Amino acid sequence: MADEVILLDGYVSMFGMRVRVALAEKGIKYEYREEDMRNKSPLLLKMNPIHKKIPVLIHNGKPVCESLIIVQYIDEVWKDKAPLLPSDPYQRAQARFWADFIDKKLYDAGKKIWTTKGEEQEAANKEFIEVLKVLEGELGDKPYFMGERFGFLDIALITFYSWFHAYETLGNFSIEAECPKLISWAKRCLQKESVSKSLADQKKVYEFVVEMKKRLGVE
Amino acid sequence: MADEVVLLDFWPSLFGMRLRIALAEKGIKHEYKEEDLKNKSPLLLKSNPVHKKIPVLIHNGKPVSESLIALQYIDETWNDNAPLLPSDPYLRSQARFWAEFVDKKVADFGRKVCMTKGEEQEAAKNGLLDCIELLEGELGEKPYFGGETLGFVDVTLVPSYGWLSVYEKFGNFSIEAEHPVFIAWGKRCMQKKSVSKSLPDQQKLYDFVVQFMEKA
């Protein structure tokens, strides 16, 4: 019996990209459906009535919402290939902790960069870099966050890389200058097809953010 | 080799209560250390340097922070009794979804009901009632969110039930009137020793908030 897997997503969403990377890592065939956030499909509203957000993974008709929960679901169902979370409970707790840290801090810090100007924006740039520096510290000298193998925590963070060009251009600062180790790590991840094929094109992300700025009136 | 388990906690914290319940459910011997949040211990600052918050579970010297993450760690490490998460991946994803919903919304609305007034308080009261309604829908006819036994969502949510009469007093409204199913679930949980021993007396919680706000 073939699995039916559908992903409701938004091309530029760093949260949606996490699911794309996980599906690619596991070699799972699926149908990708692009959602228009200003005109959400009946399917999306039915499958995620609580938050009405993407990404939503629909597996044999049953929806799973929230990107990190989806990635863990994928890891548990398709468990014979490319394990994403480590098997040791303490290491798993650490991976979840840092993924939670990224969710709590990075998106909002990044958003402040493109929704502010002048001094406020400079403060936003600083805050964003501080968060990245903490993560860079956690990476240390390891090739990937949990060691030798690409996994859950790398997936949680790498998708933000597609937004770096937009943050840097609009914030007028260089992430590589401040966090060179993190950029090396990102380039290492991008050598994986599952990552390079899943991340949105950074120019398209930039154009999207510029459009959002106009719409929100934050130019 | 005996396990050394330490819980850094603060008695009114509904996040800390979650871990107390889980440790009790699993029968895990541990040392409870009360933190003074205005004077955080070196151990807390060393164990949770990123957020500097409680609860922190320290197992054989290694710290785990964030209550839902620590709950999963407890469940995976002491996995031979009282499972909190189901074994089916889909049901696990649903349990994680609802626990996260509770974590993000219920605690925050509850805090705002106590700490705000006027329109902000009204919005928080309505938000809390909406959450409870959604949770009642998820519970359905089951005795617990976990089915026949206490599960991940029950452990995550029941401390908020433990704060309910405090929210009702500050918000001057009755949750019981509108949501008898939720109340029945809460009372059912309270019949379990692991829960009733882990939740402080509601009058003490109320007095704590009053004092806290007077000092603010």
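The values are calculated or read from the model by the stated rules, or taken from the named source; none is laboratory data. Note that the structure is a prediction, hence the values are computed from the model and not measured. Using ideal geometry, Cβ is built from the backbone for each residue, glycine included, and neighbour counts are taken over all protein chains shown. Protein only, heavy atoms only, side chains kept; ligands, DNA and RNA dropped before computing areas. Shrake-Rupley method; radii C 1.70, N 1.55, O 1.52, S 1.80 Å.
Which of the residues that make up segment B:1-27 are touching a Gly at 6+ places or on another chain (Cβ under 8 Å) and open to solvent by less than 10 Å² (accessible area, probe 1.4 Å)? Result: B:7, B:9, B:17. Here residue B:209 clears all of (1) in contact with a helix residue (DSSP H, G or I) (Cβ under 6 Å, 6 or more places away or on another chain); (2) among the hydrophobic types (A, V, I, L, M, F, W, C); (3) assigned to a loop (DSSP other than H, G, I, E, B) except the condition numbered (3). The set of residues in segment A:117-134 being β-branched (Val, Ile, Thr) and open to solvent by 40 Å² or more (accessible area, probe 1.4 Å) consists of A:134 alone. Going through (1) out of contact with any Asp or Glu (no Cβ under 8 Å at 6 or more places or on another chain); (2) within 25 Å of residue A:207 (Cβ to Cβ); (3) in contact (Cβ under 8 Å) with a residue 40 or more places away in the chain one by one, residue A:168 falls short only on (3). Applying the set (1) free of Cβ contacts under 8 Å to residues at least 12 places away in the same chain; (2) open to solvent by 60 Å² or more (accessible area, probe 1.4 Å) to residue A:137 leaves exactly one unmet item: (2).
Within segment A:54-110, being crowded, with 20+ Cβ neighbours inside 10 Å, touching a residue at least 24 places away in the same chain (Cβ under 8 Å), part of a loop (DSSP other than H, G, I, E, B) and within 10 Å of chain B (Cβ to nearest Cβ) holds for one residue alone: A:78.
May I ask you to list the residues in segment B:32-67 that are more than 14 Å from chain A (Cβ to nearest Cβ) and open to solvent by 50 Å² or more (accessible area, probe 1.4 Å)?
Here is the first cut: in segment B:32-67, the residues more than 14 Å from chain A (Cβ to nearest Cβ) are B:32-46, B:54.
Result: B:32, B:33, B:34, B:36, B:37, B:38, B:39, B:40, B:42, B:43, B:45, B:46.
Rundown of residues vs (1) among the charged types (D, E, K, R); (2) under 22 Å from residue A:138 (Cβ atoms); (3) touching a strand residue (DSSP E or B) at 6+ places or on another chain (Cβ under 9 Å); (4) touching a residue at least 24 places away in the same chain (Cβ under 8 Å), yes/no style:
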{"site": "B:23", "(1), (2), (3), (4)": "no, no, yes, yes"}
{"site": "B:26", "(1), (2), (3), (4)": "yes, no, no, yes"}
{"site": "B:29", "(1), (2), (3), (4)": "yes, no, yes, yes"}
{"site": "B:32", "(1), (2), (3), (4)": "no, no, yes, yes"}
{"site": "B:44", "(1), (2), (3), (4)": "no, yes, yes, yes"}
{"site": "B:49", "(1), (2), (3), (4)": "no, yes, no, no"}
{"site": "B:52", "(1), (2), (3), (4)": "yes, yes, no, no"}
{"site": "B:64", "(1), (2), (3), (4)": "no, yes, yes, no"}
{"site": "B:70", "(1), (2), (3), (4)": "no, yes, yes, yes"}
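Highlighted here are the helices (runs of 4 or more DSSP H) found entirely within segment A:116-213 that include at least 1 residues which are touching a strand residue (DSSP E or B) at 6+ places or on another chain (Cβ under 6 Å): A:152-158.
How do the helices (runs of 4 or more DSSP H) wholly within segment B:83-157 filter down when requiring 2 or more residues that are at the interface with chain A (Cβ under 10 Å from one of its Cβ atoms), touching a residue at least 40 places away in the same chain (Cβ under 8 Å) and small (Gly, Ala, Ser): which remain? I'd like the intermediate steps shown before the answer.
Details: elements: B:89-101, B:107-115, B:118-139.
Of the helices (runs of 4 or more DSSP H) lying wholly inside segment B:83-157, those with at least 2 residues that are at the interface with chain A (Cβ under 10 Å from one of its Cβ atoms), touching a residue at least 40 places away in the same chain (Cβ under 8 Å) and small (Gly, Ala, Ser) span B:89-101.
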